[in-house]
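S.K.: Got a structure here, written out as structure tokens. Questions coming.
The values are calculated or read from the model by the stated rules, or taken from the named source; none is laboratory data. Model, not experiment: these values are computed from the prediction. Positions of Cβ are backbone-derived with ideal geometry, glycine not excepted, and every protein chain shown enters the neighbour counts.
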Amino acid sequence: MIEPLLFLWPSFLVAVCLVGIHAYFGIQVLARKVIFVDLALAQIAALGATVAFMLGHPAQSAATYGYSLAFTLLAAVLLAFTRAWGTRVPQEALIGVIYVVAAAAAILLIDRAPQGAEHLKQILTGNILTSGLNEIAVIVPLYAAVGLLHWLLRRRMTGTGALIWEFVFYASFGVVVTSSVAIAGVLLVFSFLIIPAAIGVMFASTLARQLAIGWIVGTFTSAAGLAASFNFDLPTGAAMVCAFGVALAVAGLLYPFLRGNRQNALRVATATARWTVTTILAAAALQLAAAPRADQPLIDLIEVAVPSLRTLYFTRAEHATFVDASEYAERYRREAEQLNEVERRNRTQGVAFDDFFVARISSFLKSYGEMRKGEQFVMGEVRARARERIRWSVSLGLLALALLFAPVSWRRLWTRTSSCPAWRDRRRQNPVFARQCSRR
């Protein structure tokens with residue numbers, strides 16, 4: 001437990017610093033209704049870093065940072081002087097144009113680079129896991145200076161100073177984004193900016209409370225993303241972005257219960273959940289009846305959770321064949337994974353492979369892959385034949401479950417139907433039908 005904490009602690013401190021400054025800028029961005037300005041400036045900074053990369057500068061060098069900052073400040077000047085366009089052309093349109101042009105230009109440059117794919121991945125997801133105290137020593141004074149500048153100038157720049165304030169806002173924002181993209185990447189920087197600020201604005205009306213909520217949510221979400229990345233061996237930037245997405249979804253689900261009518265929210269949530277289950281069950285029933293040999297996502301998911309469910313519709317021979325093929329497929333997967341682990345371990349230790357050894361490993365991996373696909377084909381064929389045999393009974397059962405989950409009062413529906421004039425006329429014309437209905 002102590003070792004993971006010591007390993008993740010520096011990255012967590014960097015994430016806290018990024019949340020601190022980006023939550024403030026995110027609230028300002030939401031108030032200005034220029035949601036994607038961060039993506040545009042981050043992509044411009046990434047374009048500057050790509051230009052430096054193509055000129056031979058290392059990714060983390062001062063020259064690369066200078067190129068990124070210069071490109072970002074140029075974009076900040078453009079955004080500041082086009083604020084007046086909002087009366088005729090929304091500024092968000094210009095922001096979108098800046099983003100797509102910068103992304104396209106970066107792709108054109110990367111296409112000629114021998115390691116362009118790795119550079120693009122670095123730009124998008126960053127490498128916050130390798131950041132630490134050295135980055136903190138740089139960004140803390142920088143972010144503190146930006147925060148102090150905004151505190152001194154934000155309320156004083158009015159009237160003729162509005163244009164100056166626009167430039168100061170976008171320029172300082174560009175400085176922050178340039179520093180952040182080099183550490184965390186474009187996607188994670190956007191998550192730091194928008195999601196904590198959006199949750200703060202959702203639950204509070206004053207700037208102080210919005211910042212407090214944004215900082216708390218951003219801190220705990222960053223910790224959860226880093227922990228998930230470490231425990232499940234996931235890419236850190238992508239894991240943290242997904243964690244922020246989950247945090248926003250949870251906040252959206254909790255908002256009606258915390259800030260609205262709880263009873264109405266509970267009723268709507270229950271009805272939505274029941275309609276969702278009804279739709280899934282009905283769609284699965286129709287798909288099984290129409291195409292029993294096709295993939296059945298719901299049934300496959302249930303069988304993964306409860307493998308013994310297959311014994312209900314497999315014959316004894318089918319079950320034995322399926323289990324045998326599954327064991328062989330898992331065996332081939334483990335053999336391939338062991339070969340990959342040997343190759344990866346030797347490569348990290350600097351052991352050189354000759355051409356014969358590399359060709360032999362490739363041949364084994366290809367053979368294991370083909371044999372595993374063969375066993376998976378056998379499993380799929382056995383399962384498809386069994387499902388084709390029981391498709392009508394299972395489809396009717398799923399439809400019955402869908403009707404049970406549907407948020408419809410069948411007694412009320414019967415009452416309304418029986419009170420219809422056409423229904424009453426039918427009852428009067430058919431005495432037997434009328435007696436049956438009266439018994440019900």
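S.K.: So which pairs qualify, if the first residue must be in the stretch 255-278 and more than 27 Å from Ile213 (Cβ to Cβ), the second must be of a type in the set (A, V, I, L, M, F, W, C) and surrounded by 12 or more Cβ atoms within 10 Å (Cβ to Cβ), the Cβ gap must be under 7 Å, and the two must be at least 6 apart or on different chains?
M.R.: Arg274/Phe405; Arg274/Ala406; Val277/Phe405; Thr278/Ala402; Thr278/Phe405; Thr278/Ala406
S.K.: Taking the conditions exactly as written (over 24 Å from Ala406 (Cα atoms), assigned to a helix (DSSP H, G or I) and either of a type in the set (Phe, Trp, Tyr) or in contact (Cβ under 8 Å) with a residue 24 or more places away in the chain (or both)), does Arg310 satisfy them or not? Let's see the steps before the verdict.
M.R.: Values: over 24 Å from Ala406 (Cα atoms): yes; assigned to a helix (DSSP H, G or I): yes; either of a type in the set (Phe, Trp, Tyr) or in contact (Cβ under 8 Å) with a residue 24 or more places away in the chain (or both): yes.
For Arg310, the condition - over 24 Å from Ala406 (Cα atoms), assigned to a helix (DSSP H, G or I) and either of a type in the set (Phe, Trp, Tyr) or in contact (Cβ under 8 Å) with a residue 24 or more places away in the chain (or both) - is met.
S.K.: Which residues, taken from the stretch 360-400, are exposed (fewer than 13 other Cβ atoms within 10 Å of the Cβ) and under 35 Å from the mean Cα position of the chain (by Cα)?
M.R.: Ser362, Lys366, Glu370, Lys373, Phe377, Ala400
S.K.: Picking from Ala289, Ala269, Ala273, which residue would you name as being within 30 Å of Met379 (Cβ to Cβ), surrounded by 11 or more Cβ atoms within 10 Å (Cβ to Cβ) and of a type in the set (Gly, Ala, Ser)?
M.R.: Ala289
S.K.: Restricting to the stretch 206-218, count the residues that are buried (at least 17 other Cβ atoms within 10 Å of the Cβ) and in contact (Cβ under 8 Å) with a residue 60 or more places away in the chain.
M.R.: Number satisfying all stated conditions: 5.
S.K.: Here's a check for you: in the stretch 73-93, which residue that is surrounded by 17 or more Cβ atoms within 10 Å (Cβ to Cβ) and modelled with pLDDT under 75 is nearest to the chain's Cα centre (by Cα)?
M.R.: Within the stretch 73-93, the first condition is being surrounded by 17 or more Cβ atoms within 10 Å (Cβ to Cβ), and the residues that meet it are 73, 75-76, 79-80, 83, 91.
In the following step, the residues that additionally are modelled with pLDDT under 75 were identified as 80, 83, 91.
Details: Ala80: 31, Arg83: 32, Gln91: 27 Å.
My answer is Gln91.
S.K.: Identify, from the list Ala23, Ala59, Ala63, the residue that is at pLDDT 80 or above and surrounded by fewer than 17 Cβ atoms within 10 Å (Cβ to Cβ).
M.R.: Result of the check over Ala23, Ala59, Ala63: Ala63.
S.K.: Test Leu18 against the stated conditions and say whether it is modelled with pLDDT of 85 or more and touching a Phe, Trp or Tyr at 6+ places or on another chain (Cβ under 9 Å).
M.R.: Considered against the rule, which asks whether it is modelled with pLDDT of 85 or more and touching a Phe, Trp or Tyr at 6+ places or on another chain (Cβ under 9 Å), Leu18 comes out as yes.
S.K.: Now for a different question. Pairs needed: first member in the stretch 359-387, without any contact (Cβ under 8 Å) to a residue 24 or more places away in the chain; second member anywhere, of a type outside the set (Phe, Trp, Tyr) and in a helix (DSSP H, G or I); C-beta distance under 7 Å; at least 6 residues apart or different chains.
M.R.: Ile361/Leu339; Ile361/Glu343
S.K.: Can you find even one residue in the stretch 249-261 that is modelled with pLDDT of 90 or more, surrounded by 14 or more Cβ atoms within 10 Å (Cβ to Cβ) and touching a helix residue (DSSP H, G or I) at 6+ places or on another chain (Cβ under 6 Å)?
M.R.: Looking through the stretch 249-261, at least one residue is modelled with pLDDT of 90 or more, surrounded by 14 or more Cβ atoms within 10 Å (Cβ to Cβ) and touching a helix residue (DSSP H, G or I) at 6+ places or on another chain (Cβ under 6 Å).
S.K.: So if I check each of Val189, Val201, which one is part of a helix (DSSP H, G or I), within 17 Å of Ser68 (Cβ to Cβ) and modelled with pLDDT of 80 or more? Lay out the reasoning, then the answer.
M.R.: Values: Val201 fails: within 17 Å of Ser68 (Cβ to Cβ).
Only one candidate passes the filter, namely Val189.
S.K.: Quick check, is Asn346 closer than 20 Å to Glu375 by Cβ and at pLDDT below 85?
M.R.: No; evaluated as a whole, the condition is false for this residue.
S.K.: Determine if the stretch 271-290 includes at least one residue that is over 20 Å from Leu401 (Cβ atoms) and either assigned to a helix (DSSP H, G or I) or outside the structural domain of Val378 (by TED's automatic domain parsing) (or both).
M.R.: no
S.K.: May I ask you to list the residues in the stretch 171-190 that are of a type in the set (A, V, I, L, M), closer than 18 Å to Leu73 by Cα and more than 15 Å from the chain's Cα centre (by Cα)?
M.R.: Ala171, Val175, Val176, Val177, Val181, Ala182
S.K.: Still on this model: Only one of these conditions is not met by Phe357: (1) over 30 Å from Thr276 (Cβ atoms); (2) crowded, with 16+ Cβ neighbours inside 10 Å; (3) at pLDDT below 90. Which number is it?
M.R.: Checking Phe357 against (1) over 30 Å from Thr276 (Cβ atoms); (2) crowded, with 16+ Cβ neighbours inside 10 Å; (3) at pLDDT below 90, the one that fails is (2).
S.K.: Conditions: (1) within 18 Å of Glu166 (Cα to Cα); (2) surrounded by fewer than 20 Cβ atoms within 10 Å (Cβ to Cβ); (3) modelled with pLDDT under 85; (4) aliphatic (A, V, I, L, M). Ala70 meets all but one. Number of the miss?
M.R.: Of (1) within 18 Å of Glu166 (Cα to Cα); (2) surrounded by fewer than 20 Cβ atoms within 10 Å (Cβ to Cβ); (3) modelled with pLDDT under 85; (4) aliphatic (A, V, I, L, M), only one is false for Ala70: (3).
S.K.: Report yes if some residue within the stretch 353-368 is within 30 Å of Leu286 (Cα to Cα) and either touching a Ser or Thr at 6+ places or on another chain (Cβ under 9 Å) or in the same structural domain as Arg310 (by TED's automatic domain parsing) (or both); otherwise report no.
M.R.: no
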